[in-house]
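The structure appears below as structure tokens.
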Amino acid sequence: MKTVLSGIQPSGQLTLGNYIGAMKNFVNLQQDHRCYFMIVDLHAITVPQEPAQLREQSAAVAALFVAAGIDPEKSAVFMQSHVPQHAELGWLMTTLTSMGELERMTQFKDKSEGKESVGAGLFVYPSLMAADILLYNADLIPVGEDQKQHLELTRDLAGRFNHRYGEYFTVPEPYIPEIGARVMSLDDASKKMSKSNPNPGSYIALLDEPSVIRKKISRATTDSDSEVRYDPAGKAEVSNLMTIYSQCTGLSLAEVEKRFEGQMYGAFKKELAEAVVSVLEPLQQRYRDIRESGEMDRILARSAERARETAAVTLAAVKERMGFLMPK
Ligand code: ATP
Ligand code: MG
């Protein structure tokens with residue numbers, strides 16, 4: 001059975017981009033894979049986080065995983081910081097990474113652009129991400145398009161380790177959806193939808209009230225044309241809305257085009273809002289039930305225990321190979 005691993009940062013409210021690009025695939029893959037899904041809090045602190053908010057967002061992301069359909073009986077759902085081996089292997093991986101490799105990372109460039117002070121953690125984040133994946137010898141990594149470059153680095157580091165110290169790590173493969181790998185911002189289709197965007201109008205949060213969802217979609221940027229046609233280069237905004245519609249209804253992009261032939265953007269946006277609401281409303285109900293039940297603490301504890309067992313074996317094997325004097 002192949003191993004699947006992925007993570008989401010508790011760095012804000014989860015968005016429809018996170019759902020379409022990543023979580024939907026988590027749910028599909030768990031049927032026939034050994035799955036590890038993490039709330040990557042050690043990554044979230046690579047940009048400043050307010051402690052009370054970080055704690056609340058972490059609890060919210062964990063409950064949203066389960067609300068979205070991840071079955072904790074099948075998959076491990078845990079906090080990255082509950083498995084200390086991540087930080088330790090992260091350091092070992094940092095020492096295998098070159099500055100040049102990190103300097104090429106577009107996420108670092110995007111997130112540090114225009115900032116007066118940038119934490120060193122943001123720079124070395126991809127080495128920690130490599131450790132997250134390699135600790136479990138994961139085969140498949142379901143992520144959005146934006147993580148492809150980081151995953152390429154993980155593959156290089158796995159290969160480098162294997163070359164220097166003997167074959168040990170599995171070289172992981174990205175698992176990127178064909179449609180919805182890069183959901184764009186509602187206010188600017190040249191940027192991806194991101195939960196850490198300071199403008200809440202740029203994203204649909206999974207926990208947005210239906211009235212807020214309707215308002216955000218009605219205000220989403222379109223173009224001066226009036227045709228609902230898929231053309232990501234020429235009609236980026238409308239194409240993005242069509243992608244969201246397709247992902248919420250299961251219709252292909254050609255079917256979406258056909259459905260709205262001859263209709264104005266207003267009619268399309270109205271139906272789009274209803275399609276999004278009908279996916280998110282039941283998810284929100286499950287979310288509230290899980291938060292109220294207090295069940296999440298037990299799920300997180302049980303999953304972390306399982307994760308630590310595997311992670312400890314990997315870390316010991318890695319340290320042994322790298323030449324650390326092992327405790328007897
Ligand atoms: P941040 O702005 O804090 O980086 P984020 O929205 O980018 O938040 P992450 O926690 O970095 O979210 O990413 C979680 C997962 O969601 C990753 O697999 C990432 O590729 C995916 N993802 C993030 N944004 C999008 C998007 N706009 N479209 C599709 N997938 C996305
Ligand atoms: Mg991100």
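Observations
- Criterion applied to LEU283, LEU315 was being surrounded by 13 or more Cβ atoms within 10 Å (Cβ to Cβ), part of a helix (DSSP H, G or I) and touching a Gly at 6+ places or on another chain (Cβ under 9 Å), and the one residue passing it is LEU283.
- When LEU135, LEU122 are checked against the criterion of being touching a His at 6+ places or on another chain (Cβ under 9 Å) and either under 23 Å from VAL61 (Cα atoms) or within 12 Å of ligand 1 (Cβ to nearest atom) (or both), a single residue qualifies: LEU135.
- Restricting attention to the range 222-240 and to residues that are more than 16 Å from ligand 1 (Cβ to nearest atom) and of a type in the set (A, V, I, L, M), the residue that is surrounded by the fewest Cβ atoms within 10 Å (Cβ to Cβ) turns out to be ALA233.
- Selection count, the range 183-221, where residues are charged (D, E, K, R), assigned to a loop (DSSP other than H, G, I, E, B), buried (at least 18 other Cβ atoms within 10 Å of the Cβ) and within 16 Å of ligand 2 (Cβ to nearest atom): 1
- Filter result (away from ligand 2 (no atom under 16 Å from the Cβ), within 30 Å of LEU251 (Cβ to Cβ) and not aromatic (Phe, Trp, Tyr)) within the range 134-176: LEU140, GLU173
- SER58 vs. criteria in contact with a Pro (Cβ under 7 Å, 6 or more places away or on another chain) and more than 20 Å from PRO282 (Cα to Cα): yes
- Residues in the range 138-182 that are in a loop (DSSP other than H, G, I, E, B), touching a strand residue (DSSP E or B) at 6+ places or on another chain (Cβ under 7 Å) and under 29 Å from ALA220 (Cα atoms): VAL143, ARG182.
- When ALA63, ALA22, ALA52 are checked against the criterion of being away from ligand 2 (no atom under 14 Å from the Cβ), of a type outside the set (Phe, Trp, Tyr) and surrounded by 21 or more Cβ atoms within 10 Å (Cβ to Cβ), ALA63 stands alone in meeting it.
- Answer residue from the range 107-121, given it is within 22 Å of the chain's Cα centre (by Cα) and loosely packed, with under 10 Cβ neighbours inside 10 Å and is nearest to ligand 2 (Cβ to nearest atom) among those: GLU113
- Here the range 149-182 is the region considered, the condition is being within 11 Å of ligand 1 (Cβ to nearest atom) and under 20 Å from MET242 (Cβ atoms), and the residue that is surrounded by the fewest Cβ atoms within 10 Å (Cβ to Cβ) is ILE179.
- The number of residues in the range 33-49 that are away from ligand 2 (no atom under 14 Å from the Cβ) and in contact with a Lys or Arg (Cβ under 8 Å, 6 or more places away or on another chain) comes to 3.
Only the coordinates and a few stated rules stand behind these numbers; no lab work does. Note that the structure is a prediction, hence the values are computed from the model and not measured. For neighbour counting, all protein chains shown are included, and Cβ atoms are generated from backbone atoms with ideal geometry for every residue, glycine included.
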